[in-house]
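Working notes, beginning with the structure itself.
The values are calculated or read from the model by the stated rules, or taken from the named source; none is laboratory data. No experiment lies behind these values; they were computed from the predicted model shown. Don't worry about glycine lacking a Cβ; one is built from the backbone with ideal geometry, like all the others, and counts go over all protein chains shown. Please note that ligands, DNA and RNA were not included when accessible areas were found on the heavy atoms of the full protein model with its side chains. Shrake-Rupley method; radii C 1.70, N 1.55, O 1.52, S 1.80 Å.
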Amino acid sequence: QAHVAACAAENGLRGEFLGVGWDGTGYGLDGAVWGGEFFLVRDGRFQRVAHLRRFRLPGGEAAVKEGWRVAASLLYETAGAGAVANPLVRRMLERGLNSPWTTSVGRLFDAVASLAGVAQANRFEGQAAMLLERAIGRLKTSGCYPLDEQGEAGDWGPLVEAVCRDVKRGAPVELISARFHNALAEWILKVARRVGVRQVALSGGVFQNSYLVERAVELLEGGGFRVATHQRVPTNDGGVSLGQAVIAGLAAREG
């Protein structure tokens, strides 16, 4: 919410708007690790209207650093326990031990980077996502993997299965990466159309990814939406304090 509030404040958004808050790790109101959220914002009030389908982080903080663990979690959900080679991680997932739930798009990036063979771990924050974006190179394609909504959840299951099929058949990594990025941008457009407000704010560390931002803005503006992004305030955690101040100020006025 603070990410979205910071973007709205920087851009002077008025009236209702759809806030897209995507990052690696954020505290969720349900006790889970958030990071793939959509909020309908009216008069400073946030209503969560969509999110990434949740999955487990086997090893907790270790999964933040080692994207192969997240990939194993997604494979466990889509292909069963037999798809998880590491016996310790398999037991964690089977028993739910030290495996908190998350809706993080940042961690989804880590998993896809692992499945595609781009990076198995993060030596610094966001490294795997950066390498996955860089893999696209100069490729131009509108192709995308399936990422459809099941209720309010963006279902990554068919996307992961499609990535695995492409990897198995030896598809170029630049194509796999582009299709993944395009799927995320298309999902933003789908949610915006469903919610029906004309203003969309994109914020959170995931939107340091220039390919994703440019693709999402292109699709949204082509659909008649006005898009707000960060220009002066950092889109990552460097902008959170501004958003927190904005939300605190609104709460103080109401109280």
Ranking Trp34, Trp101, Trp22 from most to least accessible area with a 1.4 Å probe gives Trp101, Trp34, Trp22
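Could you rank Leu40, Leu88 by how accessible they are, 1.4 Å probe, largest area first? Show your work: numbers first, answer last.
Working: Leu40 15, Leu88 90 Å².
Heavy-atom accessible area, descending, gives Leu88, Leu40.
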Please report the spacing between the Cα centers of region 35-107 and region 122-161 in Å, no decimals.
15 Å
Within the chain, which is the longest segment that contains none of the trypsin sites (Lys or Arg not before Pro) sitting in a DSSP loop with at most 13 other Cβ atoms within 10 Å?
15-122
Quantify, in whole percent, the carbon and sulfur part of the accessible surface of region 189-255 (1.4 Å probe; protein heavy atoms only).
50 percent
How would Val246, Val160 rank on accessible area, largest to smallest, probe 1.4 Å?
Val246, Val160
Cβ-based net charge around Leu147, under 11 Å, with every Lys or Arg adding one and every Asp or Glu removing one:
-1
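Do any chymotrypsin sites (Phe, Trp or Tyr not before Pro) in region 149-212 lie in a loop, going by DSSP, with at most 10 other beta-carbon atoms within 10 Å of their beta carbon, and if so which? Walk me through the numbers on the way to the answer.
On the way: sites: Trp156, Phe180, Trp187, Phe207, Tyr211; in loops: Trp156.
Taking region 149-212 and a limit of 10 other Cβ atoms within 10 Å, no loop chymotrypsin sites (Phe, Trp or Tyr not before Pro) are found.
Give the shape of region 75-115 as rounded, prolate or oblate, defined through the alpha-carbon gyration tensor: a ≥ b ≥ c are the square roots of its eigenvalues, a/c under 1.5 means rounded, and otherwise the shape is prolate if a/b is larger than b/c and oblate if not. Before the final figure, lay out each step's value.
Numbers: a/c = 2.06, a/b = 1.32, b/c = 1.57.
Verdict is oblate for region 75-115.
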Principal axes of region 182-255: Cα extent on each, largest first, Å:
39, 26, 17
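How large, in percent, is the carbon and sulfur part of the accessible surface of region 1-130 at a probe radius of 1.4 Å?
Working: 2680 of 5430 Å².
Answer for region 1-130 is 49 percent, counting heavy atoms of protein chains only.
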Rounded to the nearest 5, the percent of antiparallel DSSP beta bridges in the chain equals 65 percent
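Membrane-span-like helices in the chain: DSSP H runs reaching 27 Å or more (Cα, own axis), mean Kyte hydropathy at least -0.5? Working shown, then result.
Numbers: long enough: 173-195 (34 Å, 0.44).
Span-like helices, by this rule, are 173-195.
At 0.36 nm per residue, and after removing the present C-alpha to C-alpha distance, how many nm does the segment from Trp101 to Arg14 gain when stretched out fully?
Between Trp101 and Arg14, full extension yields an extra 28.0 nm.
Given the rule -39500 (n - 2.57) for each run of at least 4 DSSP H residues, summed and divided by the residues of the chain, what is its mean residue ellipticity at 222 nm, to the nearest 500 deg cm²/dmol? Write down the numbers at each step before the final one.
Working: 10 runs with 120 residues, N = 255.
About -14500 deg cm²/dmol.
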